[in-house]
Amino acid sequence: MERQSTYTATATIDEQGILTGWSDGARRLLGYDSSAVVGRPAAALLAADAAAARRALTGRNRWNGSVLLLHRDGRPVELGVLAHRRTSDTGVTDWLVVSAVTARPQPPRGEPLEEWTFLQSPFPLAIFDADLRLVRANRRLEHALALPEAAMRGLRLSHIVPGTGSEEAERSIRQALEAGRPQEAPGRLGPLGRPAFLTPLKDADGRVRAVCLSVQQPDQDSAGRQRPPADTGSRVGTAADQARAAQELGEVTVPRLADVMAVDLLDAPWTGTGAAGPPPDPVVLRRAALRAVPDGDGPAHGTVAGEAVVCAAGSPPAHCLAVGRPLLYDTADPAVAEWAALDPGAAWLRASGARSLLAVPLLAEGSTLGVVLFGRRPSREPFGPEDLRLAEEFTAKAAAGIERARADALVRATTMTLQRSLLPHPLPDQGALEIATRYLPGASRAGVGGDWFDVIPLSGARVALVVGDVVGHGIRASATMGRLRTAVRTLADVDLPADELLTHLDDLVLRLAADEGSTDPAAETASGIGTTCLYAVYDPVSRRCAAARAGHPPPAVLTPDGIVRFLDVPAGPPLGLGGLPFEAVETELPEDTVLALFTDGLLEARDHDIDEALDKLFAALGRPAKSLDSVCDRVLTELLSHRPDDDVALLVARTRALHTDRVASWELDAEFTVVSLARRYADEQLAAWGLDEATFTTELMVSELVTNAIRYGRPPIRLRLIHQGTTLTCEVYDSSDTTPHMRRARIFDEGGRGLLLVAQLADRWGTRHDRIGKTVWAEQSLTAG
């Protein structure tokens with residue numbers, strides 16, 4: 001059990017700089033509850049320039065140093081932190097940030113001879129106290145981990161070297177403390193790559209006070225040089241992005257193969273092995289990784305990851321790229337010494353004091369991606385043939401990983417661009433609903449999925465809300481999503497009921513599947529089979545909402561009295577199965593009711609604990625909020641403990657109502673004499689609304705629509721005017737199912753010009769079919785002038 005004076009503050013941050021995890025120790029240290037910071041930018045907690053922090057982390061796999069943070073009460077707090085960049089098996093990358101907070105005094109140093117023995121031992125050594133926290137580390141361990149003792153002191157092994165091996169070793173340390181017997185820790189410890197031995201340290205009374213961890217020294221070859229283990233290249237080329245792939249190469253080769261190394265990439269690969277023709281002068285690369293074994297003055301420095309490196313044509317990097325094969329140099333050679341002394345991009349080599357330099361091109365699939373430079377200090381033998389073979393082997397794996405990551409990044413960027421171009425931005429102007437939306441792309445290496453949402457203004461001041469999820473990921477899924485979204489908009493424009501719209505959409509998915517299967521039988525399934533969709537239409541006049549769903553989660557509803565529930569929409573089958581019916585439900589929603597439509601990625605982000613996810617969703621919706629944007633942020637914060645593997649689309653809407661003072665309706669007889677009466681009704685209502693400037697246009701539209709209903713329709717006939725903000729809608733209903741068509745009248749025709757006149761006067765017009773009868777409507781804008 002931890003002592004009150006000591007605890008560890010931990011936080012996790014995703015690649016976009018958003019806090020995804022916050023421990024109780026972090027709360028005790030800075031005063032913020034998890035709900036107040038998770039989902040927010042980590043830069044908001046910095047008391048210093050956030051841009052400097054981003055530059056410090058760019059291209060790095062780990063960082064340690066002092067950071068000035070803001071306490072909840074506003075005072076600055078300076079902390080020593082250790083940050084690890086981690087990539088999970090699914091390709092999700094984030095940062096683990098840890099800080100040990102301790103008030104205990106450090107143990108006294110021993111006698112000089114004992115101190116020398118500990119510090120100068122050829123084996124990496126560390127001492128962990130009864131709380132499993134590091135209190136001492138010798139120089140060999142500092143070099144192996146490239147971390148000073150000060151950065152590790154007070155932290156547990158799992159925070160110093162994150163991974164399964166460290167967690168297992170931690171359990172073994174606890175066992176050694178309890179049993180008081182030496183034992184071997186299972187597995188290997190991260191970059192140490194060797195088994196660890198645990199020795200209990202006892203006081204004069206025989207009580208176990210601490211545990212000493214020692215790491216077995218690697219075997220040496222006959223020349224006295226450290227030989228890399230046979231499996232050291234297994235981790236190279238496995239990363240999900242270029243920067244991480246380059247860093248993996250540095251982690252494997254330093255210090256096993258070299259004392260210092262740098263990876264420089266071309267912005268655009270050269271086609272062919274080596275440059276096609278003479279290379280440009282100068283050659284411009286971009287630093288992807290820089291790693292060195294630390295010494296008393298710290299690690300080598302120079303151009304940081306992400307910055308441009310300009311190399312003259314005769315420099316070792318440019319020469320290596322031009323010939324397309326490895327080159328070995330002695331840094332004492334005048335040409336190399338001049339390059340190292342004058343080129344800012346070679347400052348790392350100058351600072352490291354390297355005497356032997358090995359340049360290896362990064363070649364993958366007939367393209368040159370960049371160059372890797374390895375350096376050795378005078379204390380080690382120069383590079384030899386075996387070192388050259390290993391460098392080529394490691395570099396080839398890294399090149400394959402970088403090329404794969406480059407291709408994945410291009411596909412993901414293309415898919416993201418396509419996906420975002422297909423989502424509604426900005427949201428259409430309408431007055432029936434207040435709306436806020438969020439879209440979060442998934443972290444899966446398979447690419448962006450096919451989740452989408454849409455807001456479609458309909459006739460009669462109504463609004464359609466759509467949320468859907470296409471199966472699969474990548475460009476094919478996004479393209480299919482675009483097809484379905486266009487189809488939904490087309491079907492919504494003809495005012496199909498929700499269940500009929502999903503039936504037509506189901507037929508479309510079946511046709512898409514048949515077309516793709518006939519053109520490419522081996523293609524991946526991205527035609528839309530298994531796609532889910534929820535379609536809902538809200539009418540602010542009647543305050544009724546009609547909804548149907550195809551395999552999609554139902555919408556959550558928060559009523560004004562604070563009750564949260566799911567809207568009882570019958571569960572239809574996913575799209576693409578064919579032959580199965582969909583059922584719509586209609587319900588009345590009070591004004592200020594909140595609707596939440598979402599894709600299943602929001603619930604699955606809770607690691608398949610659906611009950612917990614639903615509880616958190618209902619709790620987030622039920623708490624008061626200043627705005628719908630706040631509701632969206634709260635829902636995502638509560639339900640997403642980490643970046644989701646699947647896409648998440650969230651649409652939150654608050655209902656508004658058009659009261660009787662904004663809607664006027666009249667029953668009309670099926671006689672031509674009532675046309676003038678209908679015009680008078682419209683004139684009086686527009687005068688009451690203060691819309692005298694719209695009287696002439698409205699009179700013409702009312703006259704033509706009522707005349708057509710009397711001539712071609714059947715009673716009953718109803719006239720309705722809807723005043724909604726900046727628009728005025730005129731509707732005429734009759735019980736006939738005959739659809740009116742606009743046609744071009746000939747010179748001597750007495751009729752046929754009515755709908756043409758309406759189309760010229762209105763901004764939009766159309767026909768809406770009901771279960772019985774139809775409504776012809778025309779909408780005009782009330783903008784100034």
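Values computed for the structure shown
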quantity	calculated
Selection within region 303-327 - of a type in the set (Ser, Thr, Tyr) and surrounded by fewer than 23 Cβ atoms within 10 Å (Cβ to Cβ)	303
Residue within region 612-620 that is surrounded by fewer than 20 Cβ atoms within 10 Å (Cβ to Cβ), in a loop (DSSP other than H, G, I, E, B) and among the charged types (D, E, K, R) present	no
All positions within region 661-690 that are part of a strand (DSSP E or B), in contact with a helix residue (DSSP H, G or I) (Cβ under 8 Å, 6 or more places away or on another chain) and more than 15 Å from residue 729 (Cα to Cα)	668
Search result, residues across region 544-602 that are closer than 21 Å to residue 626 by Cβ, in contact with an Asp or Glu (Cβ under 9 Å, 6 or more places away or on another chain) and polar (S, T, N, Q)	559
Residues being without any contact (Cβ under 8 Å) to a residue 60 or more places away in the chain and surrounded by 23 or more Cβ atoms within 10 Å (Cβ to Cβ) - total across region 455-476	1
Residue 361, sole failed condition from (1) buried (at least 16 other Cβ atoms within 10 Å of the Cβ); (2) more than 14 Å from residue 258 (Cβ to Cβ); (3) at pLDDT below 90	(3)
Which listed residue, of 661, 692, 646, 683, is surrounded by 17 or more Cβ atoms within 10 Å (Cβ to Cβ) and either charged (D, E, K, R) or touching a Pro at 6+ places or on another chain (Cβ under 6 Å) (or both)	646
Tally of residues being buried (at least 20 other Cβ atoms within 10 Å of the Cβ) and at pLDDT below 85 across region 378-403	3
The one condition in (1) exposed (fewer than 14 other Cβ atoms within 10 Å of the Cβ); (2) within 31 Å of the chain's Cα centre (by Cα) that residue 330 fails to fulfil	(2)
Set 463, 467, 488: member being closer than 26 Å to residue 729 by Cβ, at pLDDT 75 or above and out of contact with any helix residue (DSSP H, G or I) (no Cβ under 7 Å at 6 or more places or on another chain)	463
Output for region 705-738, where each listed residue is on the phi < 0 side of the Ramachandran plot and of a type in the set (Gly, Ala, Ser)	709, 713, 735, 736
All positions within region 37-81 that are modelled with pLDDT under 85, assigned to a helix (DSSP H, G or I) and either among the basic types (Lys, Arg) or out of contact with any Leu (no Cβ under 7 Å at 6 or more places or on another chain) (or both)	50, 51, 52, 54, 55, 56, 57
Some residue of region 161-182 being crowded, with 21+ Cβ neighbours inside 10 Å, at pLDDT below 80 and either part of a strand (DSSP E or B) or touching a Pro at 6+ places or on another chain (Cβ under 6 Å) (or both)	no
Cβ-Cβ under 6 Å pairs, at least 6 apart or on other chains, region 757-772 side surrounded by 15 or more Cβ atoms within 10 Å (Cβ to Cβ), far side at pLDDT below 85 and polar (S, T, N, Q)	767/739
Answer residue from region 588-618, given it is among the charged types (D, E, K, R) and more than 25 Å from residue 561 (Cβ to Cβ) and is modelled with the highest pLDDT among those	600
Residue match in region 467-475 (condition: in the same structural domain as residue 543 (by TED's automatic domain parsing), touching a Pro at 6+ places or on another chain (Cβ under 9 Å) and closer than 17 Å to residue 551 by Cβ)	yes
Residue in region 265-280 that is modelled with pLDDT of 85 or more, of a type in the set (S, T, N, Q) and under 16 Å from residue 359 (Cα atoms) present	no
Residue within region 417-431 that is modelled with pLDDT of 75 or more, in the same structural domain as residue 486 (by TED's automatic domain parsing) and in a strand (DSSP E or B) present	no
Residue identified as within 29 Å of residue 510 (Cβ to Cβ), of a type in the set (A, V, I, L, M, F, W, C) and out of contact with any helix residue (DSSP H, G or I) (no Cβ under 9 Å at 6 or more places or on another chain) among 567, 595	567
Test: residue 700 is in contact (Cβ under 8 Å) with a residue 60 or more places away in the chain and either assigned to a loop (DSSP other than H, G, I, E, B) or more than 18 Å from residue 461 (Cβ to Cβ) (or both)	yes
Any pair with Cβ under 6 angstrom, 6 or more apart, that starts in region 674-691 at a residue that is of a type in the set (Lys, Arg) and ends at one that is exposed (fewer than 12 other Cβ atoms within 10 Å of the Cβ)	none
Positions within region 640-659 being in contact with a strand residue (DSSP E or B) (Cβ under 9 Å, 6 or more places away or on another chain) and modelled with pLDDT under 85, in sequence order	640, 641, 642, 643, 644, 646, 647
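The values are calculated or read from the model by the stated rules, or taken from the named source; none is laboratory data. Source: prediction; values computed, not measured. Backbone-built Cβ (ideal geometry, glycine too); neighbour counts: all protein chains shown.
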